[in-house]
Amino acid sequence: MSTPAVSEQDGTVTLAVANGVATVRFFHPKRNALPASILRQLTEAIDTAAAHPDVRVVVLASEGGGAFCAGASFDELRAIQSAEDGKEFFSGFARVILAMRRCPKVIIGRIQGKAVGGGVGLVAATDYSFALPAAEVRLTELAVGLGPFVVGPVIERKIGRAAFAGMALDADWRDAEWAQQVGLYTRVMDTEAAMDSVLPAFAHRLTGMSQDALMQIKRILWEGTNHWETLLFERAAISGRLALSEFTAKAVGRQTVER
C-alpha cells in the first residue's frame, strides 16, 4: 500500500507500506528543510504508520543524494511576527518528536547526508539509524540567536549532556564517525549501495521478531520522557520568543516590527 505524495509549499511527504515496513519519506527543494507544512505531514504520516495494523517497522528517510535535512525553514523564521506565531512554528518539531516517541513500532533512520538543527533532532528520535560518511551533523541555532531547545531533550537523551552541550555551544561540523561514537548513528556504511542493501534486510528481519518484545524494547528506550508532552511545548515558547529578537531578525534577514 502507498499513499500519494502530499505537496505543500514545494515539499512532499509520502508514506508507503509493503511487507510489514512503512517508509516515510520527506522532500523539500531547499536541502530537505522543514517548513510547518512538512512538519505537520510528517507527524500525520508517523501517526498513520503507528496505527496501521500491517506495519511492524517504520523507516524514516528523505529524498535525494544531498542533505538529509537542513532543519527549520529560514523562510518561515523570517515570517514570524509574534511570540504565538513562533511558538506554533517550533511546536511543529515538538509534534514530530512526540509522534516518533509514542509510535509503538521501531523507527529506523536512513541518513544519506548532512543533518542540521531540527534534522539532528529527527535523527536522534529514531530508534536505530544507518548513515553514510557524508552525514555530518551540526547544531546552528545559537548563530541565529536561538538554541536547540525543542530538539535538545531528544538529542541529549541519545548522546549525553556533555556531547549535546558541545554541539549546542560550538556550531562546527561533526563527522559521521563522531556521530556514531556518541551514539547518534548506530551504523555508518561505506556506500549508499551498502546501506540500501543492509537496511531493508535489517528491517525485514525485525518484522519477523516478536512484536510484543519489540514494543517493550521501544517502551524501555523511551522511559522517563512522559513529561515531554509538556516540556517540548514550553521549549517551543522559548524559541518563539527569541525568534523576535533583533539579533535573530538580523541573522535571518527579517525586518523587525513594532511590538
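The values are calculated or read from the model by the stated rules, or taken from the named source; none is laboratory data. This is a predicted model, so every value here is computed, not measured. Using ideal geometry, Cβ is built from the backbone for each residue, glycine included, and neighbour counts are taken over all protein chains shown.
Below are the figures for this structure:
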read-out	value
Single match in V116, V59 (criterion: touching a helix residue (DSSP H, G or I) at 6+ places or on another chain (Cβ under 7 Å) and either β-branched (V, I, T) or surrounded by fewer than 20 Cβ atoms within 10 Å (Cβ to Cβ) (or both))	V59
Which numbered condition R78 misses (of (1) out of contact with any helix residue (DSSP H, G or I) (no Cβ under 7 Å at 6 or more places or on another chain); (2) surrounded by fewer than 23 Cβ atoms within 10 Å (Cβ to Cβ); (3) at pLDDT below 95)	(1)
Residue in segment 34-50 that is crowded, with 23+ Cβ neighbours inside 10 Å, farther than 25 Å from A135 by Cα and of a type outside the set (G, A, S) present	no
Checklist (1) modelled with pLDDT of 95 or more; (2) surrounded by fewer than 17 Cβ atoms within 10 Å (Cβ to Cβ); (3) part of a helix (DSSP H, G or I) applied to D54, failing item	(3)
Which numbered condition L214 misses (of (1) in contact with a helix residue (DSSP H, G or I) (Cβ under 6 Å, 6 or more places away or on another chain); (2) within 30 Å of G20 (Cα to Cα))	(1)
Close pairs from segment 91-113: first more than 22 Å from A179 (Cα to Cα) and modelled with pLDDT under 95, partner among the small types (G, A, S) and in a strand (DSSP E or B), Cβ under 8 Å, at least 6 apart	none
Matching entry among V182, V252, V198 (being over 19 Å from the mean Cα position of the chain (by Cα) and surrounded by 14 or more Cβ atoms within 10 Å (Cβ to Cβ))	V252
Test set (1) touching a residue at least 40 places away in the same chain (Cβ under 8 Å); (2) under 30 Å from Q81 (Cβ atoms) - T191 fails condition number	(2)
Hey, R40 within 13 Å of the chain's Cα centre (by Cα), part of a strand (DSSP E or B) and not hydroxyl-bearing (S, T, Y) or not	no
Hits in segment 135-177 (condition: modelled with pLDDT of 95 or more, surrounded by fewer than 17 Cβ atoms within 10 Å (Cβ to Cβ), outside any helix (DSSP H, G or I) and small (G, A, S))	G160
